[in-house]
Amino acid sequence: IKWDEDAGAGTPVTLKVDEHGFYLHWIDQNKEIDLLDISTIRDTRTGKQAKIPKDPKLRQVVAMGSQDTLEEKTVTICCGSDFV
């Protein structure tokens, strides 16, 4: 599930890395593809450091699937320019 805190909605996606390891791409149920150049990734977080949804309804949607805790199956990817 790909989710955006601002949008408040989760979208089921399939996440993959291209065969050469340059791009991260995900495909939603409508076959729409989003692409991310891996060189723009600043940070990745898993487990307790990963960001989980604050909205209880969105958290319930994202938590569906396996019996693992939400933290165990969440990956946060931070990308783009860092203007700090």
message: As a test of the formula, what do you get for the chain when each DSSP H run with n ≥ 4 contributes -39,500 (n - 2.57) and the sum is divided by the residue count, at 222 nm and rounded to the nearest 500 deg cm²/dmol?
response: -2000 deg cm²/dmol
At most 10 other Cβ within 10 Å, DSSP loop - GluC sites (Glu not before Pro), the range 19-84: 19, 32
- line: Taking Rh as the Kirkwood radius computed over alpha-carbon pairs of the chain and applying Stokes-Einstein at 20 °C with viscosity 1.002 mPa s, one gets a diffusion coefficient in µm² s⁻¹ of 153
message: Need the list of lysines near residue 31 for cross-linking: C-alpha distance under 21 angstrom, and skip anything on the same chain fewer than eight residues off.
response: 2, 16
- prompt: Do you know the relative contact order of the range 2-79, to the nearest whole percent, from alpha carbon pairs under 8 angstrom that are 6+ apart?
  reply: 27
DSSP-assigned coil residues among trypsin sites (Lys or Arg not before Pro) in the range 8-84, each with at most 16 further Cβ atoms within 10 Å: 31, 51, 54
statement: The aspartates and glutamates whose Cα lies under 19 Å from the Cα of residue 54, excluding any fewer than 8 residues away in the same chain, are 4, 5, 6, 68, 71, 72
message: Please return the longest range in the chain lying between exposed loop sites, taking chymotrypsin sites (Phe, Trp or Tyr not before Pro), DSSP loop only, at most 16 other beta-carbon atoms within 10 Å, and leaving the sites out.
response: 23-82
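Every number in this text was worked out from the coordinates using simple rules, so none of it is lab data. Since this is a predicted model, take the numbers as computed values, not measurements. Glycine also receives a Cβ, built like all others from the backbone with ideal geometry; neighbour counts cover every protein chain displayed.
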